[in-house]
């Protein structure tokens, strides 16, 4: 691998002016669009620069290589998951913690289906380990959003604050989604159901028989 193509090589974003910010966003959009059209392993940095209509030499002022672009794009895509999970539910939709877990899986599957680059970068099995490790870090933020949503609907046991159950839950779901993408080229309805079963089975170790898990109302109305 050429030095410029080293995974983890990052361009420091210092003092980016408006014109530079626009160019940086154009490169990110170009990478997103290319990931909608072709496999991640076939995309080169020059392809991203050409799609953005920015000279390759100038593009290196904003990103060190394609992995640097993908790293920033990963964060943007992770934010889409967080935003999806933070949306309120209609009254009556969430009656049990199992309902909330299933809806989390459904919303995650929808984000993946609507954003092919997320499937490629997170669950295709084709990205370098360093990119996948970044996804693990971003999943911590998604897990925090999930925990917050659970706390809006249920009183969780105090000892769960010391455990990473929501993070592990996310990793279980992503693993099953990844198997689906690798074997079928997409997240199938059957594998979404399998993800729900596996995720609920894991959370059930901590929640099902725990009498401290009770409905709560922090915002003036259940299931809002």
Do we have residue 100 as assigned to a helix (DSSP H, G or I), within 11 Å of the chain's Cα centre (by Cα) and under 26 Å from residue 180 (Cβ atoms) here? no
Subset of region 106-116 that is surrounded by fewer than 19 Cβ atoms within 10 Å (Cβ to Cβ) and in contact (Cβ under 8 Å) with a residue 40 or more places away in the chain - its residue that is farthest from residue 84 (Cα to Cα): 116
Considering only residues that are closer than 18 Å to residue 200 by Cα, without any contact (Cβ under 8 Å) to a residue 40 or more places away in the chain and not in a helix (DSSP H, G or I), which ones fall in region 162-189? 164
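Determine which member of the set 61, 85 is out of contact with any strand residue (DSSP E or B) (no Cβ under 8 Å at 6 or more places or on another chain) and in a loop (DSSP other than H, G, I, E, B). Reasoning before the result, please.
Working: 85 fails: in a loop (DSSP other than H, G, I, E, B).
Only one candidate qualifies: 61.
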Is it the case that region 97-106 has a residue that's in contact with a strand residue (DSSP E or B) (Cβ under 6 Å, 6 or more places away or on another chain) and at pLDDT below 95? yes
Failed criterion for residue 6 (all others in (1) surrounded by 16 or more Cβ atoms within 10 Å (Cβ to Cβ); (2) modelled with pLDDT under 95 hold): (1)
Matching entry among 125, 199 (being in a helix (DSSP H, G or I), assigned by TED's automatic domain parsing to the domain that holds residue 97, in contact with a helix residue (DSSP H, G or I) (Cβ under 9 Å, 6 or more places away or on another chain) and at pLDDT 80 or above): 199
Which condition breaks for residue 29 when tested against (1) free of Cβ contacts under 8 Å to residues at least 24 places away in the same chain; (2) under 19 Å from residue 126 (Cα atoms); (3) under 19 Å from the mean Cα position of the chain (by Cα)? (2)
Return the residue satisfying two criteria in turn: it lies in region 147-161 and is more than 15 Å from residue 205 (Cβ to Cβ) and over 23 Å from the mean Cα position of the chain (by Cα), and of such residues it is modelled with the highest pLDDT. 154
Out of 103, 79, I need the residue that is out of contact with any helix residue (DSSP H, G or I) (no Cβ under 7 Å at 6 or more places or on another chain) and surrounded by 16 or more Cβ atoms within 10 Å (Cβ to Cβ). Which one? 103
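The values are calculated or read from the model by the stated rules, or taken from the named source; none is laboratory data. No experiment lies behind these values; they were computed from the predicted model shown. Every residue, glycine as well, gets a Cβ built from its backbone with ideal geometry; the counts of neighbours run over all protein chains shown.
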